Amino acid sequence: MAINIENKEDKGFALGKENLRLLMIGFVIIIVGFLLMLGGGTVDPNIFNKDIFSFQRITLAPIIVMFGFMFEIFAIMKKPGSEK
């Protein structure tokens, strides 16, 4: 009775070092976007603060967050190159 032993290559983790580095960069971009959304509040609920509707919070920060998520998708989908 012969046993067939196949040469199995240990592929390791699905993502390479470059992919992980790109994932971390994307995560930092997302965090920066959320930090740009902070602020504009008020301590007294009877006082209206117009800063909550600033360009930074309404337009810029969501664009940066969306770019960060698109960057994350790119980082995951990028085929790992030949690593030394």
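The values are calculated or read from the model by the stated rules, or taken from the named source; none is laboratory data. Quick caveat, the model's predicted, so the values are computed rather than measured. Ideal geometry is used to build each Cβ from the backbone, glycine not excepted, and the neighbour counts take in all protein chains shown.
Values computed for the structure shown
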| quantity | calculated |
| --- | --- |
| Long-range neighbours under 7 Å by Cβ, at least six apart or interchain, first residue assigned to a helix (DSSP H, G or I) within the stretch 1-27, second small (Gly, Ala, Ser) and modelled with pLDDT under 75 | Glu18/Gly81 |
| Options Gly81, Gly39; residue that is at pLDDT below 85 and over 30 Å from Leu20 (Cβ atoms) | Gly39 |
| Candidate set: the stretch 34-58, residues that are assigned to a helix (DSSP H, G or I) and among the hydrophobic types (A, V, I, L, M, F, W, C); chosen: the one nearest to the chain's Cα centre (by Cα) | Phe34 |
